[in-house]
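My questions will all concern the structure given below.
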Amino acid sequence: MITLTSMLLFLAFGVIVGAVGRVNTPEHERGGWLFYLLSGVFGSFAFGFAGRGLGAYGPGEPAGLVLSLVGAMLFVAAYHDLRLRFGKQLPPPD
């Protein structure tokens, strides 16, 4: 079972990684902050829960936090990559 502390750390990692990803993006993107933060949080929870569900780590082991951090970074990078590939087709916001 994942503890409340682990879930709060997953959330914090996701928000921090999402914010860092958005700050390091030089161009204006639609929905920028919100989608970066959400992709960081989603990646953090997805990898944190998946690692625990697959038995990669046990309760209280730091590997869960590491997987959570890696997941958040991967989802933020994937979101940024998708925005670069397909976002240019959208008109700029008014």
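Multiply the residue separation of ALA50 and LEU34 by 0.36 nm, subtract the distance between their alpha-carbon atoms, and state the gained length in nm to one decimal.
Working: separation 16, 0.36 × 16 = 5.76 nm, distance 2.37 nm.
Taking 0.36 nm per residue and subtracting the Cα distance, the gain is 3.4 nm.
Would you please give the FRET efficiency between THR3 and LEU82, computed as 1/(1 + (r/R0)^6) with r the Cβ-Cβ distance and R0 = 35 Å, to the nearest 0.05?
0.60
For TYR36, TYR79, which order do you get if you count the other beta carbons within 10 Å of each Cβ and list the fewest first?
TYR79, TYR36
Still on this structure, please answer the following. What is the distance, in nm, between label points placed 7 Å from the Cα along the Cα-to-Cβ direction at ALA19 and at VAL66?
2.5 nm
FYI, it's all coordinate maths here, none of it is from the lab. Model, not experiment: these values are computed from the prediction. Virtual Cβ from ideal backbone geometry, glycine too; neighbours counted across all protein chains shown.
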